[in-house]
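First up is the structure itself, then whatever we jot down about it.
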Amino acid sequence: MTARVLVVDDLAPNVKLLEAKLRAEYFEVITALGGREAIELARTQSPDIILLDVMMPGIDGFETCKLLKEDPLTRHIPVVMVTALDQRSDRIAGLEAGADDFLTKPVQDLALFARVRNLSRLKQMTDELRHRHAQGAQLGAIETPKIEDVEREIGEVIIISDRPVIEGLENDSESLLSGINFSYQNDSRELLDRIRTDLPDMIMVDLGLESYDPLRLCSAIRSAEGSRLLPLLAIADQEDTRRLVKALDIGVNDYLMRPIDVQEMAARVRTQLRRKWYVEHLRDSLSQSLELAVLDGLTGIYNRRFLQSQLPRLLTKAVKRELPLSVMILDVDFFKAVNDTYGHDVGDAVLREIGHMLHFSLRGMDLACRYGGEEFVVVLPETPREGSEVIAERLRKEIAGLQIDAGNGQSFSVTVSIGMAFFDGTSREETPASLLKRADEALYRAKEGGRNRVILEAA
Ligand code: GH3
Ligand code: MG
């Protein structure tokens, strides 16, 4: 995975050093020599992560971070403060300014890549959701959430370790850790059992664990369905970087080095929790309202409303990039007879099966929707003419091959007629309406010509 990193430092040699390290790992790097410039770039270049030096003339790193986090355009971009070693007060100030993470100078490669990868991966995941949210907001279906609305009262964190991580952690003398419930668990099998039904908000795994292979444990947590995306934090010993590298490979999100600094632990745990809750919040409100607004109730695929909001966007993109795009309308043949013969419920089942088939048989970038009644529309972006024909023909055959349960121990099949219109990427006059109209005319000819066939409009 690659990411665009914005490196900010007033000293050019520092910028160059970080830039070189990151480029060597194939990250894309943009740079700024001061806070103002950094804010400007963050607004216009949408980096995936910002590495921000603290001490700079003009506005310093804390102030810059605060401004970034106040701006709705940039607040979702993770900020890593690059602080001088041993400056505990800097870390607190950074936390208060809203920083997501820290790196201490001199910056070590392992820490640098771990933080950058983890935070940019999280961001890209939330970007996808934020994007879908923005679509929902445009449709008037949902409101865009604010990060402040997402914080929960208590985070449940399980620590897997044979020894205490920090003395007196349970009764929490440090207010930095307030609101986080830590519990120890030293039986790994018990943990794996438990998380099948009862997920905490986060798990910390001590890589020095002796009673069980800690890497195997991390991998089991990662591969279990429920905990696939659960924040995982490793606790590592200074001398055991080899195991740590493995752990990061397996998908541990972040790590802490012994001896553990409570402030650092608080910052890292909070970062993970905050992101997790943000993602959950986006996902929940999406599934509640957005999905209802844009999905067809019967088939579960997109509805006409969603097509109407997306087709203009897809077409504009095709025009801009001079890429082809095709639109097909599929209409079930003699569907009225299906209802008349087998009943309306069986008719509904036919539509569900077709919706299901379209959903699973197309690429992620394609768009399939139920346009109304027994009509479906499929949009294929970036697909040449011949390719579109092949796909339409494949869909026709797959639908004809569906065995529909008639409810009386017998099964039957249906056919569809498909009309298709093609946009070659060059015309400036094309509109969503003109495409749909031509597809509909082609459909009419498919029906006229005997049904169960694909007609592509004349070139
Ligand atoms: P053609 O091959 O010319 O397309 O014939 P057809 O019978 O498929 O077309 P027609 O337009 O005459 O009939 C469509 C039928 O689809 C009529 C309508 O009752 C039925 N229909 C529309 N929506 C639904 C639905 O949600 N569920 C069910 N079961 N039937 C539906
Ligand atoms: Mg029909």
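Observations on the model:
- Spread of Cα-to-Cα distances over 5 Å intervals beginning at zero, given as percent, for the range 1-121: 2, 13, 26, 28, 21, 9, 1
- Looking at the range 189-320, the accessible area is 46 square angstrom per residue; that uses a 1.4 Å probe and ignores ligands, DNA and RNA.
- Label point distance in nm, residue 424-residue 216, each placed 7 Å from Cα along Cα→Cβ: 6.2 nm
- Over the range 304-457, volume per residue of the alpha carbon convex hull, in Å³: 98 Å³
- Residues with amide H under 5 Å from that of residue 103, placed H, sequence gap 5 or more: 81, 82, 83
- Checking the Cα-Cα distances for 317/437; 69/276; 66/276; 66/123; 123/246 against a 25 Å cut-off, no pair goes over it.
- Measuring nothing but protein heavy atoms, the accessible surface of the chain at 1.4 Å probe radius is 50 percent carbon and sulfur.
- The angle separating the long axis of helix 214-223 from the principal Cα axis of greatest extent in the chain is about 30 degrees.
- Under the convention that each Lys and Arg Cβ holds +1 and each Asp and Glu Cβ holds -1, the size of the dipole of the range 145-288 around its Cα centre is about 620 debye.
- Count Lys and Arg as plus one, Asp and Glu as minus one, and take only other residues whose Cβ is under 10 Å from that of residue 404; the net charge is then -1.
- Efficiency of FRET from Cβ geometry, residue 319 and residue 186, R₀ 51 Å, rounded to 0.05: 0.25
- Residues within the reach of a label modelled at residue 243 (point 7 angstrom out along Cα to beta-carbon, backbone nitrogen below 11 Å), restricted to the range 174-207, are 206-207.
- Along the axis of the charge dipole computed for the range 1-140 (Cβ charges of +1 for Lys and Arg, -1 for Asp and Glu, origin at the Cα centre), the listed residues 133, 59, 103 are led at the positive end by 133.
- Simple spin-label estimate for residue 393 and residue 45 gives 4.9 nm between the two label positions (7 Å along the Cα-to-Cβ direction from each Cα).
- Partners of residue 397 within straight-line reach, counting lysines whose Cα lies under 23 Å from its Cα and excluding those fewer than 8 residues away in the same chain: 336, 447.
- Cα gyration tensor shape for the chain, rounded if a/c is under 1.5, else prolate or oblate: prolate
- Taking θ as phi - 60° and the Karplus parameters 6.51, -1.76 and 1.60, the scalar couplings of the range 39-55 work out to 5, 4, 5, 4, 6, 9, 9, 5, x, 8, 7, 10, 9, 10, 5, 7, 8 Hz in sequence order, x denoting glycine and proline.
- Placing dummy labels 7 Å off each Cα toward the beta-carbon, the span from residue 293 to residue 229 is 2.0 nm.
- Note, ³J(HN,Hα) from phi for the range 366-372, Karplus 6.51, -1.76, 1.60, rounded to Hz, x at Gly and Pro: 6, 10, 10, 9, 8, 7, x
- Dipole magnitude for the range 48-103: about 100 debye, using +1 per Lys or Arg Cβ and -1 per Asp or Glu Cβ, origin at the Cα centre.
- Placing R0 at 25 angstrom, the Cβ-Cβ distance between residue 441 and residue 413 gives a FRET efficiency of 0.40 after rounding to 0.05.
- Helical runs (DSSP H, four residues minimum) scored at -39500 (n - 2.57) apiece and divided by the length of the chain put the mean residue ellipticity at 222 nm at -14500 deg cm²/dmol.
- The chain - share of DSSP beta bridges that are antiparallel (%, nearest 5): 35 percent
- Additional length obtainable on full extension of the chain from residue 434 to residue 262, 0.36 nm per residue less Cα span: 55.6 nm
- Cβ crowding within 10 Å averaged over residues, with 237-243, 160-166, 327-333, 73-79 ranked highest first: 327-333, 73-79, 160-166, 237-243
- Modelled FRET efficiency - R0 22 Å, residue 194 with residue 121, Cβ distances, 0.05 increments: 0.25
The values are calculated or read from the model by the stated rules, or taken from the named source; none is laboratory data. These numbers come from a predicted model, not from an experiment. FYI the Cβ positions are ideal-geometry reconstructions off the backbone, even for glycines, and counts take in every protein chain you see. Note: areas computed on protein heavy atoms with side chains; ligands, DNA, RNA excluded. Shrake-Rupley method; radii C 1.70, N 1.55, O 1.52, S 1.80 Å.
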